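Written out below as structure tokens is the structure these notes cover.
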Amino acid sequence: GQTNLKSPQDIQVYVVNTNFTLRWNYTGNDTNVTFSAEYQWFGNTETNETEWKELPGCQNVTRTECDFSSAITEYYDTHHVRIRAERMEEVSPWSSIFEMIPYFIAQIGPPGIKLQSTNGVIKIKVSPPEANQVRKMWISHLDFKYNLVIWENSSNAEFRSQSIFPTDKIDDLAPDTTYCLKVQATLPLDLKEGLFSPIRCVKTTRKVNDVFCATNVSVLALNMKFHLHWNNQYKQHVSYNVQYLIGYLKKLHDDYSVKWLNVPGCENITDTQCSFSSIITTVSGFYYLRVQAMSEYNTSCLSNEVKVDPLRTNEIGPPGVKVDISDVLLHIQISPPGGSESEVMRDHYDLSYRVLYWKNSSDNEEEIKMKEIKQTIGTVSDLTPSTLYCVKVQAFSEFYNKSSHYSKEKCIRTPGDEVFPLVILATFVIALIAVLLVATPLVFALYQAYAKMKYVFFPSCHPPLNIEGFGGQLFSSPYMSTTEEPIANCCIIEAIITEEVNQIDFKDYKHSKQSSRDSGNYSNDDDTSGSKVSEEMLEKEIV
């Protein structure tokens, strides 16, 4: 059972895509030594078999490495690997066990690339790692991102790195210059960086400058209102079509050149600007825009493309501000940028507001105070009476590192210490005067109406009893009209009244009766009885 063979050391497994290589070190001086490896697979949950099996491709090898790619088919299960040295019937002890989960130790292989130099740019087409393999370590090639490193083929070359799409073009290159490049595939979510492709070199050509092409294409966006601007150097008639491409199409490995669409309202125009807000239907993706110029000779030219990531390209405008004041608080009401209809500004930017307020006085050393709030309503306390306060507000988003310009200043004056009580007193006095002015004529009118009604329907003076019962008719009011005018029976009463005052009154009364007799129709019938009755009643009235 004794052996002089040493065990292999430093066991390592290298995985590139689905290619597995086992490597080790052997420090023995023995000759004619071969190596054989075994493995365990812990993914068979049905049988739970974990016995050691011979590792295909790694049996009786003479080198210190072997390829066992055909043996591993489950890339997310745990595997154990061990190896030993062999010579004839003699074997060494097994090495230490190497444990692995293939996906976690695998490297991304180099992508394939194709280059084409045309019109001053280099067109590049990248094929994903494992493009032509049946068994794949990486499930979806759409998850790959590609990094390009390019440099001039010269002694003092500067390396330039940039992200590219599977089908892309590299511009801003010097004409008639040889450039070398290499491409790397990455999986950002898994924090994996792959191997670079072999270096390829290509020489650029000179660019054909069409004078009617749109230049300096740029995007101006404020509060989710997007406009594309460009310059026109051509003096003759030129019309333009603004075209867009949905960003995710560039992630595909297909040809997207036929998938550009015209922006509605920006077709066959002569202006050098156009609004493309209508195509921004989602803020989670991104878009590419370009301008197609068409000359009067039916030739066309495409401008450079510009990328639009809506929430990052857009700029935040200043918010709206209203101020009001109570006796102790300054109230600030903020309208989000873009107005109440701009839900994107309110929902996606998670806006906060920076409020600046200060006393607007002749003292230039007045301190400007600041407070940050999340709500659209804020208050400021500790106000000084009879002081003009000014406010301006800035909206900002911490996540997108964006901020607006400050709003216009809004100023309002605080009331004085005695103004509020005086206002209450003045209001009370005015209200009291108004009540008196309205109530006094009303009470007087009601009183007059009451007096008239009482006088008409309930008079305080009643006619004499003989008149009251005369003819069997009752008189309730001297103003009540009758169907027949009564005939007054008048007589002359000759009596001597000793009292002076009574005599005067009687003369007046006699004069009144005489006047009545002269103006009415009288009858001499029953003079005797009428005189007696009248005399008795008159004496009673005088007494």
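Solvent-accessible area of region 13-97 (1.4 angstrom probe, protein heavy atoms only): carbon and sulfur portion equals 42 percent. Cβ-Cβ distance of Asn132 and Glu409, R₀ of 56 Å, FRET efficiency by 1/(1 + (r/R0)^6): the value works out to about 0.25. Dividing the mean sequence gap of close Cα pairs (under 8 Å, 6+ apart) by how many residues region 9-105 holds gives a relative contact order of 31 percent.
Per the Debye formula with a single identical scatterer at each Cα and no solvent contribution, what log10 I(q)/I(0) holds for region 320-413 at q = 0.13 Å⁻¹? Treating every Cα as an identical point scatterer, log10 I(q)/I(0) equals -0.46. As a rough guide to protection, the peptides 439-445, 165-171 ranked by mean Cβ packing within 10 Å, highest first, stand as 165-171, 439-445. Put simply, when 280-293, 131-144, 84-97 are sorted by average Cβ atoms within 10 angstrom per residue, most first, you get 280-293, 84-97, 131-144. In this simple spin-label approximation, Gln236 and Lys259 carry label points 7 Å from Cα along the Cα→Cβ vector, and these lie 3.6 nm apart. For region 83-136, averaging the sequence separation of C-alpha pairs within contact (under 8 Å, six or more residues apart) and dividing by the residue count gives a relative contact order of 22 percent. Spin-label pair Ile199-Lys359: with each label point 7 Å from Cα along the Cα-Cβ axis, the two points sit 7.2 nm from one another. Could you tell me how far the Cα centroid of region 215-243 sits from the Cα centroid of region 269-304, in Å? First find each Cα centre; the distance between them is then 7 Å. Here the gap between Ala434 and Gln9, fully extended at 0.36 nm per residue and compared with their Cα-Cα distance, gives a gain of 142.0 nm. A full extension of the chain between Thr299 and Lys225 corresponds to an added length of 23.5 nm, given 0.36 nm per residue minus the alpha carbon distance.
Given R₀ = 25 Å, what would the calculated FRET efficiency be for Glu51 paired with Asp143, taking r from the Cβ atoms and rounding to 0.05? Before the final figure, lay out the partial values.
Details: r = 36 Å, r/R0 = 1.45.
Efficiency, from the Cβ-Cβ distance: 0.10.
Expressed as a fraction of 2.2 N^0.38 Å, the C-alpha radius of gyration for region 112-204 is 1.14. Approximating the spin labels as points 7 Å out from Cα along Cα→Cβ, the Val306-to-Asp350 distance works out to 2.9 nm. On the beta carbon distance between Ile325 and Asn216, with R0 = 35 Å, the FRET formula returns roughly 0.10. What does a probe at Lys125 reach in region 247-275, counting residues whose amide N is under 17 Å from the point 7 Å along Cα→Cβ? Once the point is set 7 Å along Cα→Cβ of Lys125, 250-259 turn out to lie under 17 Å by backbone N, inside region 247-275. In plain terms, the chain from Lys251 to Val208 could stretch by 12.6 nm, reckoned as 0.36 nm per residue minus the Cα-Cα distance.
Electrostatic bookkeeping for Val283 treats Lys and Arg as +1 and Asp and Glu as -1; over the other residues with beta carbon under 12 Å from its beta carbon, the sum is -2.
The values are calculated or read from the model by the stated rules, or taken from the named source; none is laboratory data. It should be emphasised that the depicted structure is a prediction, and the values quoted were computed from it without experimental measurement. Cβ: placed from backbone, ideal geometry, glycine included. Neighbour counts: every protein chain shown. Remember, those area values only see protein heavy atoms, side chains included, never the ligands or the DNA or RNA. Shrake-Rupley method; radii C 1.70, N 1.55, O 1.52, S 1.80 Å.
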